[in-house]
1. Could you say which residue among ARG426, ARG459, ARG382 is within 23 Å of LEU620 (Cα to Cα) and of a type in the set (D, E, K, R)?
2. Where residues in the range 573-603 are loosely packed, with under 13 Cβ neighbours inside 10 Å and not β-branched (Val, Ile, Thr), which of them is modelled with the lowest pLDDT?
3. Mind checking which residues of the range 120-153 are buried (at least 19 other Cβ atoms within 10 Å of the Cβ) and either modelled with pLDDT under 65 or in a helix (DSSP H, G or I) (or both)?
4. For the range 154-178, name all the residues that are modelled with pLDDT of 70 or more and part of a helix (DSSP H, G or I).
5. Residue check: is LYS393 of a type outside the set (Gly, Ala, Ser), modelled with pLDDT under 95 and buried (at least 21 other Cβ atoms within 10 Å of the Cβ)?
6. Answer with yes or no whether ALA525 is modelled with pLDDT of 90 or more, of a type in the set (A, V, I, L, M) and not in a strand (DSSP E or B).
7. For the range 483-538, what are the residues that are farther than 25 Å from ALA603 by Cβ, under 22 Å from the mean Cα position of the chain (by Cα) and basic (Lys, Arg)?
8. Being surrounded by 24 or more Cβ atoms within 10 Å (Cβ to Cβ), under 13 Å from THR313 (Cβ atoms) and out of contact with any Ser or Thr (no Cβ under 8 Å at 6 or more places or on another chain) is the filter here, so list the residues in the range 409-435 that pass it.
Amino acid sequence: MTIIKHITQALFTKHAMPYWSILLVDALIVGISALLAVYFAYGGTVVLTNFWALIRGIVLCILVYAAWFRIVRTYHGVVRYSSTVDFFRLAKAMIGGTLCCMVLTWGVELLQVPPTIIRVMGNKAYLLLFVIALMLMWASRIIVKLCYEIYSKDSKARGAFIFGVRQGGVELARIIRNEEHHQLVLKGFVSDENDMIGKELMGQRIYPLDDHLVDLMKKHEVKVLLISSLVVERFREMNALIDQLIEADIRIMLMPQPKWWEQQSGRGEIREGSEARHELREIEVEDLLPRKKIDIDMQAVSNILVGQSILITGAAGSIGSEIVRQVATFRPRLLVLIDQAETPMHDLRVFLAREFPEVEAHTVVASITSEAHMAHLFETYRPAYVFHAAAYKHVPMMEDNPTQAVQNNIYGTRVIADLAVKYGTRKFVMISTDKAVNPTNVMGCSKRICEIYCQALDRKLREEYEAAGRPEDSVPCQFVTTRFGNVLGSNGSVIPLFKEQIRKGGPITVTHPDIIRFFMLISEACRLVLEAAVMGHGGEIFVFDMGEPVRILDLAKRMIKLSGCKDIEIKFTGLREGEKLYEEVLASTENTKPTVHPMIMVANVREYPYDEIKAHEEQLYAKSATCDEMEIVAYMKQIVPEYKSPSSKYAVLDK
């Protein structure tokens, strides 16, 4: 009995029927359909008088159809999740089997097999068999789906509307209907397309998206609004509606979109029915922040990166790792990845081995200030492109540690930049920050000095080539800088901090009730970095259009509402040292020039002679060895006169 029990459990699980049992059921349907087809085509007398010979012929037909079921893999999907793909497979198998049976009939007649031994059907019966069997198999799967939906429906399931009536909305409806345990019940669709209002989709009515939506949802006891991935951009702009939904305790959920690098590498395609891997998730504040859609010239980026050796510093950081993921989609010949953080670098190595096994990647745990080690890497791998993202970036930390800001951010950048020139790198792309604009803190000033050095070095190379009678566009190494503001979800950014504070029950700490910031997704910022790398000819400081500013207090309030938590206190702590109340607008018409990309501009900045900035850097590096914070910062202010410290201990140096 134990052996029988184990065999039964192995063959029949609660998750899905074994494929042979589906084949058996389909074969039985074919046999019954064949008898019915002969009866309808030739009458009951023919069936009775030739019963056993006819049975032998039907068995032969069943074997043929079973072979086609196996070839087309009609058993491949789970029956209760059957979709149009599965129905189409059944039709293909039935067409193939019917044609083969017709050929088989011709062969039996050619061999003159007596009808008393085996009786085969005529073409009329085969056509009837095709129709009857296909209808029965389709019906059996539909019945199984309906029974499963009734059986698995949770009495506590929440009613749901879907915003979106195109492919994305239909896919959402399929996903919630195919859930293992039905937590949601589809009660209708919502659309802002006038020609769709009042119609029905998948048996549900399409309602208008207007001011009465929340009242309508309450009337129909709908607790969830699902957002199709195709209308997320439009939904993000409906701030009034979003606030109404949140106030009414209506949950907003969406279908996760594939990451940008997944879309480019073909890893994020949508699958149908039982193959769908999407998991609905509650909307987060990052999904609702206003921002523009970003498109880049994919072909142009591919042209410069495919088959190249590429070096990325700060590769384990939030920005650096996203650059790695995006660059890897363009099939570079080699990736050389540098960072001091051992564990994140290990995670990055595992990720690349799993997602991009075809890309050769070397993960190097090292500091960019180690000149000998960096020289060895440049000499060994000769990178054609360098993306320099390594830097200490936290404002309060650098206020307390200006020595490290100088040694890592400034000196480290000079090491990598000089090696790029020495070893023939084609383009050096430095990641800067909006905090370099009229800096008010050590970190921002350190990045401004990095910008100055790279721009001056690029200008020096051009002047040398011009003096030698060579064209400017033949300069072996071009230096391009990219500036952008806060990126959503980066390490140490405000949104992860607020989430953690909400999880602990509060309070949420906001430095000032009027503080505002510009935000952009990491993936979007890195896309613009790649586009800037393509369009840059050397010496430019590119700035990105960061969209509309967001008041941090409003961000905190919305996160509290989205969390569903009550009585979360918001506590104002005061501006931190070196922190600005209002970030500089990076891309105004007064301080930038346009480019061919609407979201990328070139900054108008003061340029420095190379010999002057190099001497300044060397002197500053020497001062960093003293660890005298005031002396170090005073010299930084001498290099960057616009650096002021209104809310820092270094404010005394401005007097």
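1. When all the criteria are applied, what remains is ARG459.
2. Looking at the filtered set, the residue picked out is GLU590.
3. Passing the criteria: ALA125, TYR126, LEU128, LEU129, PHE130, ILE132, ALA133, LEU134, MET137, ARG141.
4. GLN167, GLY168, GLY169, VAL170, GLU171, LEU172, ALA173, ARG174, ILE175, ILE176
5. Here the answer is yes, as LYS393 does meet what is asked.
6. No, not satisfied.
7. If the condition is that a residue be farther than 25 Å from ALA603 by Cβ, under 22 Å from the mean Cα position of the chain (by Cα) and basic (Lys, Arg), then LYS499 is the only one that fits.
8. Scanning the range 409-435 gives THR413, ALA420, THR425, PHE428.
The values are calculated or read from the model by the stated rules, or taken from the named source; none is laboratory data. It should be emphasised that the depicted structure is a prediction, and the values quoted were computed from it without experimental measurement. Please note: Cβ atoms are built from the backbone with ideal geometry, for glycine as well, and neighbour counts cover all protein chains shown.
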